[in-house]
Each structure stands twice: as structure tokens, then as C-alpha cells.
Amino acid sequence: MITQKAVIDLGFGDSGKGSVTAFLCHNSENPIVTRFSGGHQAGHTVVHNGIRHVFSSFGSGTLQGVPTNWNALTFSPNAFLNEWFVLNRKGIVPTIDINGKCSITTPYDVHENKTVNSLTGHGSCGVGIGTTLDREKNHYSLLVEDLPFPSIIKTKLEMIREYYGHEYVADIERKFLAECNALKGNIIIDEDLKNTCTTNIYEGSQGLLLDQDIGFFPHVTRGNTGSKALVGEKLDEVWYVTRAYQTRHGNGPMTNENIGHNIKENPNETNKENYQGVFRRTLLDLDLLKYSLFKDNSWANEKYLVITCLDHVEDEWRFTYQGKIIPSLHEDEFIEKIVDILGIPNVYISKSDDYTKITEWGD
């Protein structure tokens, strides 16, 4: 029987899901990582044996030789190959099994995504996920299972270009078709490697406050980022992750920004500067975290809480709850108050990018 664990972000993303996933891989028997939501927009940082890598199209156990089961919403040949070659240069040859029903993102989806976002300011990450999914709903479909048929890919790409009303650009289409062809031999489609493993670790994308059914529309992602995306799966454990403070990229509401703080900047911040714009930081809001837990309503047998980036708040032991600033004298009091409010007794903490330094609180 397979043990199933899920890693879910309680906030707006960037909480450390990659490190927690790598930690679970390190401490699990014969694991596989399943990317179950979002797509290639992820930026999950993992440090392993001195190698630092930001995962986008692979699971965060890859540096440990753990295979990936890609069951996310979208797949980008361009993002996949770019990361594949980066991993190869680091001496890593990944194993990945991709669900054939995943939608392929084309350059035209990315262009449309950025065009729409420039008009609406919704805060998109600009890699074409939302536009890809909208196009699929309108039956202009291009799927991973189509990759073995080059002439079909070419015809569908032409129709997708016409769907958006874009002009033909030979270099763009030639490059995309070459990328699709280059995938041969590097990916496995629909072989369900999960059945060969003992532990399946579901690695989430973004955060619950960006879930289309939980977050603040229209500043949300197109899909579910938590337990709702895993309906029908037996979850033995769910690992909820939050930084010791609140963060958000780009546009959209975030509480507590009117409160000054002494949160340290992380010099190794992965996603500080990207298409979404300013990386915002402020005090943790326990009302938001309680809301996320309530809305996610996971049915897992065991629930865990991981508080990351505690090294960034060494002189800022405060959070807000029910409209009040709640101060603490030291780290343990800070954590204890958070645990009492959220009601999750199994707590782990992190003060480093190194997943091997994630420890159980109180040890």
C-alpha cells in the first residue's frame, strides 16, 4: 500500500514547499513526487549536497534521484527543456512520468497571458497557464499525449495562432515544434510510475490564498491549490507550510501592509524579482491562516504545520490575530501562540534553505 502525503501552502505561495517536499523525500521510503496543481510557474528552491536548484517542471526530490509524476494542469516544452539542461549540467538526469491529458502551453498562450495581464493587472505570473486552460475550455486543445504526432502538433499550433488572432512568426513556430520533437526520449507518458513506489508525496503549487475557490478573485490562479485538487485520494498526511511572516507577489490584497516591521530580507530570495513585480512582505496574519485551514478542510489522517524562515524574524516576534498585534518575547513563545491558534500540534520549523535542517519543534 502506498503512503500518501501532501505539501500545501497556507498563504500566497513562496512558503518553502520545495524544501518541505525534499525533507519528506529524505525521510520516506521509496518516494515519488507528484506535482498535482498549477504548472510550470513554480519556483521551488532546494539545496542538496551543496547544489542549489529552483524547480519549475520537476518535483523537488529530483536532486535526491526521486522520480516525478507530473499530473499538473499544464506542461511547457520550453520550460521543461530549459530546466532539463540546467539539471544535466549539474550532473542530474531526472526521471519524469507525465500525464498525457496535461495541456501544453504554447508561445501564443504566453503572449496572450501577458497582453491580458497588462490590461487587467490581475497579478499573473505571465507564463500562460490561465490562457492555456481557457483555450482548452474552448476546445482548441493541445495535450501531452499529442506529442508523438508531429504533423498533428503543427496543425493544432496553427489553429491556436488563429484562435488568438496572432500573426505567423516562422521562428516562433519552428522553435516550438523543435522543442516538442526534442522531448522524445526524455519523458515517459502515462506509465504511472507512482505504482512502483512506496510513498507518494503530492507537491502543491502556489498557496491556498491563490486557490480559485478560496482566494480573492480576480487575483487568483486558475485551479485548486489544496486538498480539493486531490478529491478521491486517500491522504495519510498533509503538511501545511507557512513562513514566519506574510509574503505576496504583485497585485492583489495582502493584510498588515500598513504595519512597520523589522523582517530581514533574504539575500537568496528565489522569486524576488520576476514578471509579477514587487515582492511584498509584512507581519503574519493568523486570521488568514485559520481561514485557509477552514476552507481547505483536509481529510488527511495526520496534519502537520511547518513554519519556515524563522531566521528572518529574529527580532520581530509578532503577528496579528482578530485585528490585534500579538507580541512575543522569544521564538518559542511566538511558535506556541501560533500553534494554539491554529490547533495543529505536530509542528516543524526551519531557519535555513537546507531541507536537512528542518526539525521538529521542541526537540
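Could you list all residues from the range 279-293 that are of a type outside the set (D, E, K, R) and farther than 14 Å from Gly252 by Cβ? Matches in the range 279-293: Leu283, Leu284, Leu286, Leu289, Tyr291, Ser292, Leu293.
Residue by residue, here is whether (1) within 15 Å of Thr21 (Cβ to Cβ); (2) touching a Gly at 6+ places or on another chain (Cβ under 6 Å); (3) surrounded by fewer than 19 Cβ atoms within 10 Å (Cβ to Cβ); (4) at pLDDT below 95 holds:
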position: Pro67; (1), (2), (3), (4): yes, no, no, no
position: Thr115; (1), (2), (3), (4): no, no, yes, yes
position: Ile129; (1), (2), (3), (4): no, yes, no, yes
position: His139; (1), (2), (3), (4): no, no, yes, no
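All conditions in (1) under 18 Å from Gly13 (Cβ atoms); (2) among the charged types (D, E, K, R); (3) outside any strand (DSSP E or B) hold for Glu336, with the sole exception of (1). One residue stands out among those in the range 56-91 that are without any contact (Cβ under 8 Å) to a residue 40 or more places away in the chain and touching a helix residue (DSSP H, G or I) at 6+ places or on another chain (Cβ under 6 Å): the one that is nearest to Glu136 (Cα to Cα), which is Ser57.
Condition check ((1) under 18 Å from Cys102 (Cβ atoms); (2) exposed (fewer than 14 other Cβ atoms within 10 Å of the Cβ)) across all residues:
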| site | (1), (2) |
| --- | --- |
| Lys156 | yes, no |
| Ile172 | no, no |
| Lys184 | yes, yes |
| Cys197 | no, no |
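Is it the case, given these coordinates, that Tyr202 is farther than 30 Å from Glu316 by Cα, among the aromatic types (Phe, Trp, Tyr) and crowded, with 20+ Cβ neighbours inside 10 Å?
Yes: the conditions hold for Tyr202.
Here Ile214 fulfils each of the conditions (1) in contact with an Asp or Glu (Cβ under 6 Å, 6 or more places away or on another chain); (2) more than 24 Å from Thr45 (Cβ to Cβ) apart from (1). It is to be established whether one or more residues within the range 316-331 are basic (Lys, Arg) and buried (at least 16 other Cβ atoms within 10 Å of the Cβ). Yes, the range 316-331 has at least one match. Residues being among the small types (Gly, Ala, Ser) and within 19 Å of Gly215 (Cβ to Cβ) are entirely absent from the range 322-341. For the range 57-90, the candidate set comprises residues that are in a helix (DSSP H, G or I) and among the charged types (D, E, K, R); within that set, the residue that is farthest from Leu230 (Cα to Cα) is Arg89. If we scan the range 345-360, do we find a residue that is among the polar types (S, T, N, Q), assigned to a loop (DSSP other than H, G, I, E, B) and within 30 Å of Val54 (Cα to Cα)? Checked the range 345-360: at least one residue is among the polar types (S, T, N, Q), assigned to a loop (DSSP other than H, G, I, E, B) and within 30 Å of Val54 (Cα to Cα). As for the range 217-231, it holds no residue that is over 29 Å from Gly252 (Cα atoms) and touching a residue at least 40 places away in the same chain (Cβ under 8 Å).
Scan the range 293-334 residue by residue and report those that are over 23 Å from Ala22 (Cα atoms), of a type in the set (Val, Ile, Thr) and touching a strand residue (DSSP E or B) at 6+ places or on another chain (Cβ under 7 Å). Scanning the range 293-334 gives Thr320, Ile325, Ile326.
The rows are residues; the columns are (1) touching a strand residue (DSSP E or B) at 6+ places or on another chain (Cβ under 9 Å); (2) hydroxyl-bearing (Ser, Thr, Tyr).
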position: Thr21; (1), (2): yes, yes
position: Pro67; (1), (2): yes, no
position: Ile104; (1), (2): yes, no
position: Pro107; (1), (2): no, no
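Taken over the range 286-315, residues that are farther than 19 Å from Glu360 by Cα, of a type in the set (Asp, Glu) and either out of contact with any Phe, Trp or Tyr (no Cβ under 9 Å at 6 or more places or on another chain) or crowded, with 19+ Cβ neighbours inside 10 Å (or both) amount to 2. When Ile214, Ile160, Ile201 are checked against the criterion of being assigned to a loop (DSSP other than H, G, I, E, B), β-branched (Val, Ile, Thr) and either in contact with a strand residue (DSSP E or B) (Cβ under 8 Å, 6 or more places away or on another chain) or modelled with pLDDT of 95 or more (or both), a single residue qualifies: Ile214. For the residues Ile104, Ile32, Ile8, the requirement of being modelled with pLDDT of 95 or more and within 23 Å of Ile153 (Cβ to Cβ) singles out Ile104.
The values are calculated or read from the model by the stated rules, or taken from the named source; none is laboratory data. Note that the structure is a prediction, hence the values are computed from the model and not measured. Note that we place each Cβ from the backbone using ideal geometry, even for glycine, and neighbour counts take in every protein chain shown.
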